[in-house]
Structure formats: C-alpha cells, structure tokens
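The values are calculated or read from the model by the stated rules, or taken from the named source; none is laboratory data. Here the structure is a predicted model, which means the values were calculated and not measured. For accessibility, only protein heavy atoms count, side chains too; no ligands or nucleic acids. Shrake-Rupley method; radii C 1.70, N 1.55, O 1.52, S 1.80 Å.
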Amino acid sequence: MARLIATVIQWALFLGVSGGLVDATIAMRKEAAKAHQIGLISLGHLNRSLLGQSRNSR
C-alpha cells in the first residue's frame with residue numbers, strides 16, 4: 001500500500017511540474033507574440049538566440 005501511495009505522489013508531482021512548464025511556455029509565447037507585433041523584437045533573432053546559434057551559422 002505504501003508503494004502505491006508513493007507512486008501516486010510521484011505522478012502527481014510529475015504532472016504538476018509538467019503542467020507548470022506548459023503554462024510557462026504558453027505565457028512566454030504570448031509575450032513574444034505581443035512584443036513582435038509592437039516591433040520590439042524579431043522572432044528570427046529570438047529563435048536564434050534561444051537555440052544558441054549565431055547569425056552566420058545557418
């Protein structure tokens with residue numbers, strides 16, 4: 001029984017962390033889209049910086 005409870009707790013933690021990461025990703029996507037519409041950032045430059053690529057290494 002203790003093993004079942006431990007497994008349920010582990011899954012609950014995993015799903016909670018996963019849900020938090022999904023929520024953060026969605027929030028970041030919305031903010032990046034807003035900034036791009038205003039003209040504050042270039043999504044191409046943002047993607048390259050997030051991937052750690054320089055402009056010349058295509």
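Could you work out Rg/(2.2 N^0.38 Å) for the chain, with Rg from alpha carbons only? Please list the in-between numbers first.
On the way: Rg = 18.7 Å, N = 58, 2.2 N^0.38 = 10.3 Å.
Ratio of Rg to 2.2 N^0.38 Å for the chain: 1.82.
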Rounded accessible area of His45 (nearest 10 Å², 1.4 Å probe): 90
Accessible area of Ser18 in the full protein assembly, 1.4 Å probe (Å², nearest 10): 40
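Could you look at the chain and say what percent of its accessible area is carbon and sulfur, using a 1.4 Å probe and all protein chains? Don't jump to the answer; show the numbers that get you there.
Numbers: 3460 of 5240 Å².
Solvent-exposed carbon and sulfur of the chain make up 66 percent of the total.
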Leu13 - accessible surface, heavy atoms, 1.4 Å probe, Å² rounded to 10: 110
Estimated vicinal HN-Hα couplings, Hz - region 17-34 in sequence order (Karplus 6.51, -1.76, 1.60; Gly, Pro = x): 5, 4, x, x, 5, 5, 4, 5, 5, 5, 5, 5, 5, 5, 5, 5, 5, 4
The chain: calculated mean residue ellipticity at 222 nm from DSSP helix runs of at least 4, using -39500 (n - 2.57): -28000 deg cm²/dmol
